[in-house]
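Here's the structure we're looking at; comments come further down.
The values are calculated or read from the model by the stated rules, or taken from the named source; none is laboratory data. These numbers come from a predicted model, not from an experiment. Glycine gets a Cβ as well: all are built from the backbone with ideal geometry, and neighbour counts include every protein chain shown. Heavy atoms of the whole protein, side chains included, go into the accessibility calculation; ligands, DNA and RNA do not. Shrake-Rupley method; radii C 1.70, N 1.55, O 1.52, S 1.80 Å.
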Amino acid sequence: MKFLSRYLFLLLAFGLILSACKSTKPTSPGTRPSAPIGSNPSPNSGSNLPTKTLPKTPVALAPLSYQMPEMPREFRGVWIATVANIDWPLSPDDPYEKQKRDFLEILDYYKSLNFNAVIVQVRTAGDAFYPSNLAPWSKYLTGKQGKAPQTTENPLTWMINEAHARGMEFHAWLNPYRATMDLKTEELSPDHDYNLHRDWMLKYGTKYYYNPALPEVKNHLLKVIKEIVDNYDIDAIHFDDYFYPYKIPREDFPDKASYNKYKKPGQSQDDWRRDNVNQLIFALNETIKASKPWVQFGISPFGVWRNQDKDPKGSPTRAGQTNYDDLYADVLLWMKNGWVDYMIPQLYWSMEHPLASHRILNDWWARNHNNTNIYIGNGPYKIRDDSDEAWKDPKEINNQISYTRTLPTIQGNAFFSAKSMKIKNQDVAQLLKNELYNEPTLPPAFQPKSPAIIDIPVVFSVEANSEVTSIRMANPLDPAIRYALIQGADELNLLADAEIHPVWVGGMRARALEVSSLNTKYLAIRWIDHFGRIVQTQVYQIP
(Lines give C-alpha, C1' and ligand atoms only; values in the text may rest on other atoms or scores of the structure.)
Protein backbone atom coordinates (compact mmCIF):
# COMPACT_ATOMS: atom_id res chain seq x y z
CA MET A 1 0.00 0.00 0.00
CA LYS A 2 2.90 2.39 0.66
CA PHE A 3 4.10 1.87 -2.92
CA LEU A 4 0.58 2.38 -4.25
CA SER A 5 0.09 5.65 -2.31
CA ARG A 6 3.40 7.03 -3.49
CA TYR A 7 2.52 6.15 -7.09
CA LEU A 8 -0.84 7.89 -6.88
CA PHE A 9 0.69 10.99 -5.29
CA LEU A 10 3.32 11.32 -8.04
CA LEU A 11 0.76 10.76 -10.79
CA LEU A 12 -1.58 13.39 -9.34
CA ALA A 13 1.25 15.93 -8.94
CA PHE A 14 2.36 15.41 -12.53
CA GLY A 15 -1.20 15.97 -13.74
CA LEU A 16 -1.43 19.23 -11.76
CA ILE A 17 1.84 20.52 -13.26
CA LEU A 18 0.66 19.84 -16.77
CA SER A 19 -2.72 21.49 -16.22
CA ALA A 20 -1.05 24.59 -14.76
CA CYS A 21 1.03 24.99 -17.91
CA LYS A 22 -1.88 24.89 -20.32
CA SER A 23 -2.53 28.07 -22.24
CA THR A 24 -6.09 29.33 -22.33
CA LYS A 25 -5.49 30.81 -25.78
CA PRO A 26 -3.82 28.62 -28.43
CA THR A 27 -1.61 30.63 -30.74
CA SER A 28 -2.33 28.73 -33.92
CA PRO A 29 -5.89 29.47 -35.10
CA GLY A 30 -8.00 26.65 -36.36
CA THR A 31 -6.08 23.84 -34.62
CA ARG A 32 -7.74 21.30 -32.40
CA PRO A 33 -6.85 21.12 -28.71
CA SER A 34 -4.66 18.39 -27.31
CA ALA A 35 -6.36 15.27 -26.07
CA PRO A 36 -6.97 15.39 -22.30
CA ILE A 37 -4.61 13.80 -19.84
CA GLY A 38 -6.01 10.38 -18.86
CA SER A 39 -7.92 10.11 -15.59
CA ASN A 40 -6.05 9.03 -12.47
CA PRO A 41 -6.58 5.28 -11.92
CA SER A 42 -8.70 4.41 -8.89
CA PRO A 43 -7.29 1.40 -7.07
CA ASN A 44 -9.58 -1.45 -6.17
CA SER A 45 -8.86 -3.46 -3.08
CA GLY A 46 -6.38 -6.14 -4.01
CA SER A 47 -6.51 -5.40 -7.77
CA ASN A 48 -3.63 -4.41 -10.09
CA LEU A 49 -3.27 -0.88 -11.49
CA PRO A 50 -4.41 -0.42 -15.12
CA THR A 51 -1.49 -0.66 -17.54
CA LYS A 52 -3.15 0.09 -20.90
CA THR A 53 -3.14 3.81 -21.81
CA LEU A 54 -5.68 5.48 -24.06
CA PRO A 55 -4.47 5.61 -27.68
CA LYS A 56 -4.63 9.44 -27.84
CA THR A 57 -2.95 10.17 -24.51
CA PRO A 58 0.03 12.56 -25.06
CA VAL A 59 3.54 11.45 -24.23
CA ALA A 60 6.05 13.97 -22.83
CA LEU A 61 9.31 14.14 -24.75
CA ALA A 62 12.92 15.04 -23.92
CA PRO A 63 15.17 17.11 -26.25
CA LEU A 64 17.98 15.45 -28.16
CA SER A 65 21.53 16.75 -28.43
CA TYR A 66 21.31 16.83 -32.25
CA GLN A 67 22.42 20.13 -33.78
CA MET A 68 20.38 21.60 -36.63
CA PRO A 69 22.27 23.47 -39.37
CA GLU A 70 21.81 27.22 -39.72
CA MET A 71 18.99 28.18 -42.06
CA PRO A 72 19.92 30.11 -45.24
CA ARG A 73 19.01 33.79 -45.45
CA GLU A 74 17.77 35.69 -48.49
CA PHE A 75 15.18 38.43 -48.86
CA ARG A 76 12.45 37.38 -51.31
CA GLY A 77 9.79 40.06 -51.45
CA VAL A 78 6.97 41.11 -53.73
CA TRP A 79 5.30 44.51 -53.98
CA ILE A 80 1.51 44.41 -53.74
CA ALA A 81 0.42 47.73 -55.27
CA THR A 82 -3.00 49.06 -54.32
CA VAL A 83 -2.84 52.43 -56.13
CA ALA A 84 -5.17 52.34 -59.15
CA ASN A 85 -5.93 48.73 -58.11
CA ILE A 86 -2.77 47.53 -59.84
CA ASP A 87 -2.54 44.29 -57.82
CA TRP A 88 -5.19 44.38 -55.11
CA PRO A 89 -8.09 44.80 -54.64
CA LEU A 90 -8.94 43.65 -58.13
CA SER A 91 -11.89 46.04 -57.97
CA PRO A 92 -12.85 48.56 -55.28
CA ASP A 93 -16.46 47.57 -55.89
CA ASP A 94 -15.94 43.93 -54.98
CA PRO A 95 -17.50 42.74 -51.70
CA TYR A 96 -15.03 42.79 -48.84
CA GLU A 97 -15.12 39.00 -48.51
CA LYS A 98 -14.09 38.61 -52.16
CA GLN A 99 -11.29 41.12 -51.65
CA LYS A 100 -10.08 38.97 -48.76
CA ARG A 101 -10.11 35.83 -50.90
CA ASP A 102 -8.17 37.61 -53.63
CA PHE A 103 -5.55 38.80 -51.13
CA LEU A 104 -5.13 35.28 -49.76
CA GLU A 105 -4.64 34.01 -53.31
CA ILE A 106 -1.70 36.40 -53.69
CA LEU A 107 -0.19 35.33 -50.37
CA ASP A 108 -0.62 31.63 -51.06
CA TYR A 109 0.77 31.95 -54.58
CA TYR A 110 3.95 33.68 -53.47
CA LYS A 111 4.27 31.45 -50.44
CA SER A 112 4.21 28.48 -52.84
CA LEU A 113 7.13 30.12 -54.67
CA ASN A 114 9.07 30.27 -51.37
CA PHE A 115 8.86 34.05 -50.99
CA ASN A 116 9.23 35.33 -47.43
CA ALA A 117 8.02 38.96 -47.50
CA VAL A 118 5.20 41.08 -48.89
CA ILE A 119 5.45 44.85 -49.35
CA VAL A 120 1.85 46.05 -49.21
CA GLN A 121 0.84 49.59 -50.17
CA VAL A 122 -1.29 50.93 -47.31
CA ARG A 123 -1.18 54.66 -48.22
CA THR A 124 -1.30 55.71 -51.88
CA ALA A 125 -2.08 59.44 -51.87
CA GLY A 126 -3.11 60.97 -48.56
CA ASP A 127 -5.46 58.01 -47.90
CA ALA A 128 -5.40 54.82 -45.83
CA PHE A 129 -6.20 51.11 -46.01
CA TYR A 130 -6.81 51.11 -42.27
CA PRO A 131 -8.96 53.16 -39.85
CA SER A 132 -7.01 56.36 -39.28
CA ASN A 133 -7.39 59.63 -37.44
CA LEU A 134 -5.08 61.22 -40.00
CA ALA A 135 -6.41 60.12 -43.41
CA PRO A 136 -9.65 58.97 -45.04
CA TRP A 137 -10.31 55.45 -46.28
CA SER A 138 -8.84 54.82 -49.74
CA LYS A 139 -11.15 54.81 -52.74
CA TYR A 140 -9.13 51.90 -54.07
CA LEU A 141 -10.53 49.79 -51.25
CA THR A 142 -14.16 50.90 -51.16
CA GLY A 143 -14.83 52.79 -54.40
CA LYS A 144 -15.22 56.18 -52.72
CA GLN A 145 -12.65 58.01 -50.64
CA GLY A 146 -13.72 58.23 -47.02
CA LYS A 147 -16.18 55.34 -47.28
CA ALA A 148 -15.43 52.57 -44.78
CA PRO A 149 -15.39 48.92 -45.90
CA GLN A 150 -18.48 46.86 -45.11
CA THR A 151 -16.96 45.00 -42.19
CA THR A 152 -16.20 45.40 -38.51
CA GLU A 153 -12.77 43.88 -39.20
CA ASN A 154 -9.65 46.03 -39.55
CA PRO A 155 -8.30 45.19 -43.03
CA LEU A 156 -4.70 46.00 -42.15
CA THR A 157 -4.70 43.88 -38.98
CA TRP A 158 -6.19 41.03 -40.97
CA MET A 159 -3.62 41.32 -43.78
CA ILE A 160 -0.72 41.37 -41.32
CA ASN A 161 -2.04 38.32 -39.47
CA GLU A 162 -2.51 36.35 -42.68
CA ALA A 163 1.00 37.18 -43.89
CA HIS A 164 2.50 36.21 -40.54
CA ALA A 165 0.50 32.97 -40.44
CA ARG A 166 2.36 31.99 -43.61
CA GLY A 167 5.76 32.93 -42.22
CA MET A 168 6.02 36.08 -44.38
CA GLU A 169 7.19 39.50 -43.24
CA PHE A 170 4.75 42.37 -43.72
CA HIS A 171 6.28 45.65 -44.88
CA ALA A 172 3.82 48.56 -44.78
CA TRP A 173 4.42 50.62 -47.94
CA LEU A 174 3.54 54.32 -47.94
CA ASN A 175 3.98 57.16 -50.37
CA PRO A 176 4.94 60.21 -48.31
CA TYR A 177 4.50 63.32 -50.47
CA ARG A 178 1.90 62.40 -53.09
CA ALA A 179 -1.46 63.89 -52.08
CA THR A 180 -3.65 63.07 -55.10
CA MET A 181 -3.47 60.94 -58.23
CA ASP A 182 -5.29 63.51 -60.39
CA LEU A 183 -6.89 66.97 -60.23
CA LYS A 184 -10.43 65.76 -59.50
CA THR A 185 -10.45 67.37 -56.07
CA GLU A 186 -14.25 67.27 -55.93
CA GLU A 187 -13.95 63.51 -55.43
CA LEU A 188 -11.77 63.87 -52.33
CA SER A 189 -13.17 63.19 -48.88
CA PRO A 190 -13.85 66.23 -46.66
CA ASP A 191 -11.27 64.63 -44.34
CA HIS A 192 -8.52 64.58 -46.96
CA ASP A 193 -5.63 66.94 -46.23
CA TYR A 194 -6.32 68.83 -49.46
CA ASN A 195 -9.57 70.02 -47.88
CA LEU A 196 -8.24 70.37 -44.33
CA HIS A 197 -4.87 72.00 -45.10
CA ARG A 198 -4.96 73.57 -48.54
CA ASP A 199 -1.85 75.56 -47.66
CA TRP A 200 0.13 72.30 -47.50
CA MET A 201 -0.57 71.50 -51.15
CA LEU A 202 1.41 72.24 -54.31
CA LYS A 203 0.02 71.49 -57.76
CA TYR A 204 2.53 70.00 -60.19
CA GLY A 205 1.51 68.42 -63.46
CA THR A 206 -1.69 66.46 -62.96
CA LYS A 207 -1.33 65.88 -59.22
CA TYR A 208 -1.16 67.67 -55.88
CA TYR A 209 1.78 67.11 -53.55
CA TYR A 210 2.47 67.84 -49.91
CA ASN A 211 5.00 70.67 -49.71
CA PRO A 212 8.17 68.98 -48.37
CA ALA A 213 9.47 72.32 -47.05
CA LEU A 214 6.77 72.87 -44.44
CA PRO A 215 7.47 71.84 -40.83
CA GLU A 216 3.75 71.13 -40.45
CA VAL A 217 3.92 68.59 -43.30
CA LYS A 218 6.91 66.83 -41.79
CA ASN A 219 5.20 66.64 -38.39
CA HIS A 220 2.03 65.32 -39.99
CA LEU A 221 3.91 62.57 -41.83
CA LEU A 222 5.67 61.59 -38.61
CA LYS A 223 2.25 61.19 -36.97
CA VAL A 224 1.04 59.07 -39.90
CA ILE A 225 3.99 56.71 -39.51
CA LYS A 226 3.75 56.61 -35.72
CA GLU A 227 0.06 55.72 -35.91
CA ILE A 228 0.92 52.64 -37.96
CA VAL A 229 3.99 51.59 -35.97
CA ASP A 230 2.23 51.97 -32.62
CA ASN A 231 -0.94 50.12 -33.58
CA TYR A 232 0.14 47.35 -35.93
CA ASP A 233 2.51 44.41 -35.70
CA ILE A 234 4.37 45.28 -38.89
CA ASP A 235 7.91 44.22 -39.72
CA ALA A 236 8.88 47.36 -41.63
CA ILE A 237 7.89 50.80 -42.86
CA HIS A 238 8.64 51.05 -46.56
CA PHE A 239 8.90 54.05 -48.91
CA ASP A 240 9.17 53.87 -52.68
CA ASP A 241 11.00 56.22 -55.06
CA TYR A 242 8.59 59.19 -55.00
CA PHE A 243 10.12 61.99 -52.96
CA TYR A 244 10.14 65.23 -54.88
CA PRO A 245 8.22 64.23 -58.03
CA TYR A 246 9.91 63.20 -61.23
CA LYS A 247 10.56 66.34 -63.25
CA ILE A 248 8.15 67.43 -65.95
CA PRO A 249 9.74 69.16 -68.99
CA ARG A 250 9.35 72.94 -68.97
CA GLU A 251 7.55 72.99 -65.61
CA ASP A 252 9.19 73.96 -62.31
CA PHE A 253 8.05 72.53 -59.01
CA PRO A 254 6.24 75.52 -57.41
CA ASP A 255 8.13 75.85 -54.13
CA LYS A 256 9.95 79.16 -54.78
CA ALA A 257 8.10 80.98 -52.01
CA SER A 258 8.99 78.25 -49.49
CA TYR A 259 12.61 78.31 -50.60
CA ASN A 260 12.82 82.06 -50.04
CA LYS A 261 11.26 81.66 -46.59
CA TYR A 262 13.16 78.65 -45.25
CA LYS A 263 16.53 78.51 -47.04
CA LYS A 264 19.75 78.87 -45.10
CA PRO A 265 22.21 81.61 -46.08
CA GLY A 266 23.98 80.69 -49.29
CA GLN A 267 22.00 77.45 -49.69
CA SER A 268 21.12 76.51 -53.28
CA GLN A 269 17.59 75.42 -54.09
CA ASP A 270 18.76 71.90 -54.93
CA ASP A 271 20.66 71.51 -51.65
CA TRP A 272 17.70 72.99 -49.77
CA ARG A 273 15.32 70.46 -51.32
CA ARG A 274 17.66 67.60 -50.46
CA ASP A 275 17.88 68.88 -46.91
CA ASN A 276 14.09 68.87 -46.62
CA VAL A 277 13.98 65.18 -47.55
CA ASN A 278 16.99 64.38 -45.36
CA GLN A 279 15.27 65.89 -42.34
CA LEU A 280 12.19 63.74 -42.95
CA ILE A 281 14.19 60.51 -43.33
CA PHE A 282 16.22 61.22 -40.19
CA ALA A 283 13.11 62.04 -38.15
CA LEU A 284 11.20 59.04 -39.44
CA ASN A 285 13.96 56.65 -38.43
CA GLU A 286 14.08 58.23 -34.97
CA THR A 287 10.30 57.99 -34.62
CA ILE A 288 10.13 54.34 -35.67
CA LYS A 289 13.00 53.19 -33.47
CA ALA A 290 11.78 55.14 -30.43
CA SER A 291 8.49 53.27 -30.64
CA LYS A 292 9.61 49.80 -31.76
CA PRO A 293 13.37 49.33 -32.33
CA TRP A 294 12.78 46.11 -34.24
CA VAL A 295 10.60 47.66 -36.95
CA GLN A 296 12.78 48.14 -40.02
CA PHE A 297 12.81 51.27 -42.16
CA GLY A 298 13.39 50.52 -45.81
CA ILE A 299 13.35 52.51 -49.03
CA SER A 300 13.20 51.41 -52.67
CA PRO A 301 14.78 54.34 -54.52
CA PHE A 302 15.16 54.86 -58.23
CA GLY A 303 18.02 52.64 -59.40
CA VAL A 304 20.56 55.38 -60.22
CA TRP A 305 21.98 57.62 -57.50
CA ARG A 306 23.91 59.87 -59.93
CA ASN A 307 25.40 59.44 -63.37
CA GLN A 308 29.18 59.38 -63.46
CA ASP A 309 29.31 62.44 -65.72
CA LYS A 310 27.87 64.44 -62.79
CA ASP A 311 29.89 62.83 -60.02
CA PRO A 312 32.89 60.45 -60.13
CA LYS A 313 31.24 58.45 -57.32
CA GLY A 314 28.21 57.85 -59.54
CA SER A 315 27.53 54.88 -61.80
CA PRO A 316 28.65 54.62 -65.46
CA THR A 317 25.07 55.13 -66.62
CA ARG A 318 23.12 57.69 -68.63
CA ALA A 319 19.81 57.75 -66.77
CA GLY A 320 17.48 60.59 -67.77
CA GLN A 321 16.69 61.39 -64.12
CA THR A 322 18.47 60.39 -60.92
CA ASN A 323 17.83 60.28 -57.19
CA TYR A 324 20.26 63.00 -56.22
CA ASP A 325 19.78 65.52 -59.01
CA ASP A 326 16.07 65.19 -59.81
CA LEU A 327 14.24 63.53 -56.91
CA TYR A 328 16.44 65.21 -54.28
CA ALA A 329 16.94 61.91 -52.49
CA ASP A 330 20.51 61.56 -51.21
CA VAL A 331 20.30 57.85 -50.60
CA LEU A 332 24.05 57.46 -50.04
CA LEU A 333 23.87 59.88 -47.12
CA TRP A 334 20.98 57.98 -45.57
CA MET A 335 22.94 54.72 -45.68
CA LYS A 336 26.16 56.33 -44.47
CA ASN A 337 24.38 57.83 -41.46
CA GLY A 338 22.48 54.63 -40.62
CA TRP A 339 19.04 56.22 -41.13
CA VAL A 340 17.68 53.22 -43.04
CA ASP A 341 17.84 49.47 -42.45
CA TYR A 342 17.65 48.38 -46.06
CA MET A 343 17.55 49.67 -49.62
CA ILE A 344 15.83 48.05 -52.61
CA PRO A 345 17.06 50.04 -55.64
CA GLN A 346 14.66 49.62 -58.54
CA LEU A 347 16.86 48.16 -61.27
CA TYR A 348 14.18 47.56 -63.87
CA TRP A 349 16.59 47.36 -66.81
CA SER A 350 17.90 44.33 -68.64
CA MET A 351 21.33 42.91 -67.87
CA GLU A 352 23.17 44.79 -70.65
CA HIS A 353 20.91 47.79 -71.21
CA PRO A 354 23.11 50.46 -72.87
CA LEU A 355 21.89 53.40 -70.75
CA ALA A 356 21.52 51.67 -67.39
CA SER A 357 22.85 48.13 -67.28
CA HIS A 358 21.35 45.89 -64.59
CA ARG A 359 24.74 44.24 -64.21
CA ILE A 360 26.66 47.51 -63.81
CA LEU A 361 24.15 48.88 -61.30
CA ASN A 362 24.29 45.68 -59.24
CA ASP A 363 28.04 46.18 -59.01
CA TRP A 364 27.63 49.85 -58.03
CA TRP A 365 25.15 49.16 -55.23
CA ALA A 366 27.25 46.24 -53.99
CA ARG A 367 30.22 48.62 -53.61
CA ASN A 368 28.25 51.48 -52.05
CA HIS A 369 26.15 49.67 -49.45
CA ASN A 370 27.64 51.54 -46.45
CA ASN A 371 26.84 48.59 -44.16
CA THR A 372 23.17 48.77 -45.12
CA ASN A 373 21.31 45.70 -46.34
CA ILE A 374 20.84 45.88 -50.11
CA TYR A 375 18.18 43.93 -51.96
CA ILE A 376 17.71 44.39 -55.70
CA GLY A 377 14.37 45.43 -57.18
CA ASN A 378 13.55 43.41 -60.31
CA GLY A 379 10.90 44.16 -62.94
CA PRO A 380 9.26 40.97 -64.23
CA TYR A 381 6.39 43.15 -65.48
CA LYS A 382 8.62 43.93 -68.47
CA ILE A 383 8.77 40.34 -69.70
CA ARG A 384 7.20 40.28 -73.19
CA ASP A 385 6.05 43.86 -72.66
CA ASP A 386 8.99 46.16 -73.42
CA SER A 387 10.82 47.55 -76.44
CA ASP A 388 14.10 46.15 -75.11
CA GLU A 389 14.59 42.84 -76.93
CA ALA A 390 16.21 41.29 -73.85
CA TRP A 391 12.84 41.13 -72.10
CA LYS A 392 11.53 38.66 -74.67
CA ASP A 393 13.56 36.00 -72.87
CA PRO A 394 11.60 34.60 -69.90
CA LYS A 395 14.93 33.67 -68.28
CA GLU A 396 16.01 37.34 -67.98
CA ILE A 397 14.83 37.46 -64.34
CA ASN A 398 16.67 34.25 -63.40
CA ASN A 399 19.80 35.57 -65.10
CA GLN A 400 19.57 38.76 -63.05
CA ILE A 401 19.09 36.97 -59.73
CA SER A 402 21.92 34.54 -60.51
CA TYR A 403 24.22 37.49 -61.03
CA THR A 404 23.02 39.24 -57.87
CA ARG A 405 23.86 36.12 -55.89
CA THR A 406 27.50 36.42 -56.92
CA LEU A 407 27.75 39.70 -54.96
CA PRO A 408 28.14 38.99 -51.21
CA THR A 409 27.00 42.45 -50.07
CA ILE A 410 23.58 42.02 -51.71
CA GLN A 411 21.17 39.88 -49.69
CA GLY A 412 18.12 39.30 -51.87
CA ASN A 413 15.52 40.60 -54.28
CA ALA A 414 12.03 42.09 -54.54
CA PHE A 415 9.74 41.99 -57.55
CA PHE A 416 7.34 44.54 -59.03
CA SER A 417 4.61 43.71 -58.93
CA ALA A 418 2.41 40.88 -57.65
CA LYS A 419 0.36 40.45 -60.82
CA SER A 420 3.46 40.37 -63.03
CA MET A 421 4.20 36.75 -62.11
CA LYS A 422 0.79 35.66 -60.84
CA ILE A 423 -1.34 36.70 -63.80
CA LYS A 424 0.95 37.63 -66.71
CA ASN A 425 4.10 35.50 -66.50
CA GLN A 426 3.50 32.32 -64.55
CA ASP A 427 6.15 30.55 -66.61
CA VAL A 428 8.70 33.07 -65.30
CA ALA A 429 7.55 32.33 -61.75
CA GLN A 430 7.90 28.59 -62.32
CA LEU A 431 11.41 29.02 -63.72
CA LEU A 432 12.27 31.07 -60.66
CA LYS A 433 11.02 28.39 -58.28
CA ASN A 434 12.51 25.46 -60.16
CA GLU A 435 15.98 26.92 -60.61
CA LEU A 436 16.58 29.43 -57.81
CA TYR A 437 13.77 29.48 -55.22
CA ASN A 438 13.40 25.71 -54.88
CA GLU A 439 13.93 25.83 -51.10
CA PRO A 440 12.46 28.17 -48.46
CA THR A 441 14.70 30.66 -46.65
CA LEU A 442 14.48 33.16 -43.85
CA PRO A 443 14.82 36.88 -44.59
CA PRO A 444 17.97 38.53 -43.25
CA ALA A 445 18.17 39.13 -39.51
CA PHE A 446 19.02 42.50 -37.95
CA GLN A 447 21.11 43.32 -34.93
CA PRO A 448 19.56 45.79 -32.49
CA LYS A 449 21.42 49.09 -32.34
CA SER A 450 21.28 48.96 -28.56
CA PRO A 451 21.48 45.83 -26.39
CA ALA A 452 18.24 43.85 -26.30
CA ILE A 453 17.86 41.21 -23.60
CA ILE A 454 15.49 38.42 -24.61
CA ASP A 455 14.45 35.55 -22.36
CA ILE A 456 15.41 32.31 -24.08
CA PRO A 457 12.36 30.04 -24.41
CA VAL A 458 12.43 27.00 -22.13
CA VAL A 459 10.32 24.10 -23.38
CA PHE A 460 8.65 22.24 -20.53
CA SER A 461 7.32 19.44 -22.69
CA VAL A 462 6.50 18.44 -26.22
CA GLU A 463 3.52 16.12 -26.45
CA ALA A 464 2.26 14.40 -29.56
CA ASN A 465 -0.75 12.31 -30.37
CA SER A 466 -2.54 11.32 -33.56
CA GLU A 467 -4.19 14.74 -33.90
CA VAL A 468 -1.95 17.49 -32.55
CA THR A 469 1.57 18.27 -31.45
CA SER A 470 1.51 20.46 -28.34
CA ILE A 471 4.48 22.50 -27.13
CA ARG A 472 4.31 23.75 -23.55
CA MET A 473 6.64 26.33 -22.05
CA ALA A 474 8.06 26.55 -18.56
CA ASN A 475 7.32 30.30 -18.58
CA PRO A 476 5.35 32.65 -20.83
CA LEU A 477 7.25 33.48 -24.00
CA ASP A 478 9.14 36.74 -24.11
CA PRO A 479 7.05 39.15 -26.23
CA ALA A 480 10.15 39.62 -28.39
CA ILE A 481 9.71 36.09 -29.75
CA ARG A 482 8.02 36.33 -33.15
CA TYR A 483 7.81 32.80 -34.57
CA ALA A 484 8.11 29.16 -33.77
CA LEU A 485 9.28 27.36 -36.91
CA ILE A 486 8.40 23.69 -36.62
CA GLN A 487 9.67 20.86 -38.83
CA GLY A 488 9.10 17.13 -38.71
CA ALA A 489 10.85 14.16 -40.38
CA ASP A 490 11.35 10.43 -39.88
CA GLU A 491 15.14 10.69 -40.19
CA LEU A 492 17.36 13.21 -38.41
CA ASN A 493 19.34 13.94 -41.55
CA LEU A 494 16.10 14.88 -43.35
CA LEU A 495 14.85 17.24 -40.65
CA ALA A 496 16.56 20.40 -41.88
CA ASP A 497 15.00 20.03 -45.34
CA ALA A 498 11.49 19.20 -44.13
CA GLU A 499 8.51 21.47 -44.67
CA ILE A 500 8.48 24.45 -42.30
CA HIS A 501 5.33 25.07 -40.29
CA PRO A 502 5.45 28.66 -38.97
CA VAL A 503 3.47 29.54 -35.85
CA TRP A 504 3.13 33.24 -35.12
CA VAL A 505 3.47 33.97 -31.39
CA GLY A 506 4.55 37.63 -31.53
CA GLY A 507 3.77 39.52 -28.33
CA MET A 508 1.33 36.89 -27.05
CA ARG A 509 3.22 35.76 -23.95
CA ALA A 510 2.08 32.27 -24.90
CA ARG A 511 2.51 29.34 -22.52
CA ALA A 512 1.61 26.74 -25.12
CA LEU A 513 1.05 26.35 -28.82
CA GLU A 514 -0.28 23.58 -31.00
CA VAL A 515 0.04 22.45 -34.60
CA SER A 516 -1.66 19.64 -36.44
CA SER A 517 0.21 16.44 -35.71
CA LEU A 518 3.17 16.00 -38.02
CA ASN A 519 3.10 12.19 -37.57
CA THR A 520 6.88 12.03 -37.83
CA LYS A 521 9.59 10.46 -35.70
CA TYR A 522 11.53 13.68 -35.09
CA LEU A 523 10.51 17.27 -34.42
CA ALA A 524 12.57 20.49 -34.56
CA ILE A 525 11.55 23.85 -33.10
CA ARG A 526 13.32 27.10 -33.97
CA TRP A 527 12.38 30.25 -32.06
CA ILE A 528 12.78 33.50 -34.02
CA ASP A 529 12.85 36.91 -32.34
CA HIS A 530 11.47 40.12 -33.84
CA PHE A 531 14.90 41.06 -35.17
CA GLY A 532 14.77 37.84 -37.20
CA ARG A 533 17.42 36.04 -35.14
CA ILE A 534 17.18 32.37 -34.18
CA VAL A 535 17.42 32.44 -30.39
CA GLN A 536 16.98 28.71 -29.75
CA THR A 537 16.67 25.42 -31.63
CA GLN A 538 15.64 22.10 -30.06
CA VAL A 539 15.08 18.65 -31.55
CA TYR A 540 12.79 15.96 -30.12
CA GLN A 541 12.08 12.33 -30.86
CA ILE A 542 8.39 11.42 -30.96
CA PRO A 543 7.56 7.85 -29.87
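List of remarks:
- Close amide H pairs (under 5 Å, H built 1.01 Å from N) link Tyr130 with Ser138, residues at least 5 positions away or on another chain.
- Alpha carbon convex hull of the chain, projected area averaged over orientations, nm²: 29.3
- Portion, in percent, of the accessible area of the chain that falls on carbon or sulfur, probe 1.4 Å: 52
- Potential extension, Arg367-His501 segment - 0.36 nm per residue separation minus Cα distance: 44.6 nm
- Rounded Å value of the spacing that divides the Cα centres of the stretch 258-333 and the stretch 196-247: 15
- Model label sites at Arg73 and Leu355, defined 7 Å from Cα along the beta-carbon direction, differ in position by 3.7 nm.
- Estimated 222 nm signal from helices in the chain, with DSSP H stretches of n ≥ 4 weighted -39500 (n - 2.57), rounded to 500: -7500 deg cm²/dmol
- Spatially proximal lysines relative to Lys419 (Cα-Cα < 23 Å; intrachain offsets below 8 disregarded): Lys98, Lys100, Lys111, Lys139, Lys382, Lys392, Lys395, Lys433
- Pairs of Cα atoms nearer than 8 Å and 6+ residues apart set the relative contact order; for the stretch 176-285 it is 27 percent.
- Entry note, the chain: relative contact order of 18 percent, from Cα contacts under 8 Å with a spacing of 6+ residues.
- Gain in span if fully extended, Gln536 to Arg509, counting 0.36 nm per residue against the direct Cα distance: 8.1 nm
- Computed FRET value (nearest 0.05) for Ser450 with Arg250, which takes r as the C-beta separation and R₀ as 60 Å: 0.75
- Heavy-atom accessible area per residue - the chain, 1.4 Å, Å²: 45
- All C-alpha to C-alpha distances of the stretch 56-190, sorted into 10 Å bins beginning at zero, yield P(r) values of 11, 37, 26, 13, 8, 5, 1 percent in whole numbers.
- Here the chain carries DSSP beta bridges of which approximately 55% are antiparallel, counting only pairs with both residues inside.
- The amide H of Arg76, built 1.01 Å from its N in the peptide plane, has Asn116, Ala117, Asn413 as neighbours under 5 Å, considering only residues 5 or more places off or on other chains.
- Here is the P(r) of the stretch 159-285: all C-alpha pair distances, binned every 10 Å from 0, give 11, 37, 33, 15, 4, 0 in whole percents.
- Eigen-decomposition of the gyration tensor built on the alpha-carbon atoms of the stretch 447-543 gives equivalent ellipsoid semi-axes of 24, 15, 10 angstrom, largest listed first.
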